[in-house]
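See below for the structure under consideration.
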Amino acid sequence: MPQDMPPVGGYGPVQYKRNLPAPGFRPATLLLGMGAIMIFGFYKLGKGIREQNEYAREKMWSRIHLIPLLQAEEDRDLVRRHLADQAREKELLGENVKVYNSDRYVRPTFAVTPSNITK
């Protein structure tokens, strides 16, 4: 039996590659998308930091404006305690004894402790 030979001029090219589109987006599209997302994120971050700074400034000024009120409240409490202490001292000793050698008012230093201690 004679052997088959290729046709004259040879066989046509064999297509072994598949003509499929590349999966996903092109790299330039991905890069632009990621850049846009990052720019938006940094924009929101900057706005958030500015807002936090504004809240901190507002909090500081509110505390500054409350200082005289809190100081007056503390002074009233100290006067009340001082007068109660003087009355208690007069009741126990019969007279007010000067602890210091001057008539100058000395702010008391004491620590307020809770009446009931829980563990």
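The values are calculated or read from the model by the stated rules, or taken from the named source; none is laboratory data. These numbers were taken from a predicted model, which means no experiment stands behind them. Please note: Cβ atoms are built from the backbone with ideal geometry, for glycine as well, and neighbour counts cover all protein chains shown. For accessibility, only protein heavy atoms count, side chains too; no ligands or nucleic acids. Shrake-Rupley method; radii C 1.70, N 1.55, O 1.52, S 1.80 Å.
Structure above, values below:
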item	result
Count of residues meeting criterion [among the hydrophobic types (A, V, I, L, M, F, W, C), open to solvent by 100 Å² or more (accessible area, probe 1.4 Å) and within 19 Å of Glu74 (Cα to Cα)] in the stretch 84-112	2
Hey, Arg26 closer than 30 Å to Phe110 by Cβ and either in contact with a Ser or Thr (Cβ under 9 Å, 6 or more places away or on another chain) or open to solvent by 100 Å² or more (accessible area, probe 1.4 Å) (or both) or not	no
Some residue of the stretch 42-59 being within 30 Å of the chain's Cα centre (by Cα) and of a type in the set (Ser, Thr, Tyr)	yes
